[in-house]
Amino acid sequence: MKRTEETWMAVSDQTLDSQRGGFDLGAGLLVSFGITRAVFINGELATQTTLNFGQLDKITAGQAAELGRQLSALNLVQNGPGNTVEAPIGGMGGTVIQNTLNDQRIANHTVINVQTNGMSLLKELNTAATLNEGIARAVGGR
């Protein structure tokens, strides 16, 4: 598979927000995360799987079943001739890489993306504390 030159463009936060999953831990703290698994052979992407977890406290039975199916799915990558798989191999989940060629550069990456709005909450708390301190100083001197 020959890869052609591509131009990558950054997407907006609004677009990313609609693609990310996440859950609300209460008190305004939001956490979102996803998992991407990718296999590269000689620098070329052979396969990629991405899972984004939605609001886990609001997940439906159908969504939970689909998520379970994706987490238990087997991702099989075969490089070169003569690779075989004996059944039953399904149901164990993960990635299996078979290679019958010499001098192959194989990379298996698992990336976990986590995002939280915790920093903005800390900034808001700091601002509130600064305002309260300023008011207390102003009132305390009278």
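The values are calculated or read from the model by the stated rules, or taken from the named source; none is laboratory data. These numbers come from a predicted model, not from an experiment.
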**Complete:** Flagged in the range 85-142 as at positive phi and modelled with pLDDT of 65 or more, in numbering order, are 93, 94, 103
**Item:** Flag if residue 40 is farther than 26 Å from residue 59 by Cα and either part of a strand (DSSP E or B) or modelled with pLDDT of 70 or more (or both)
**Value:** yes
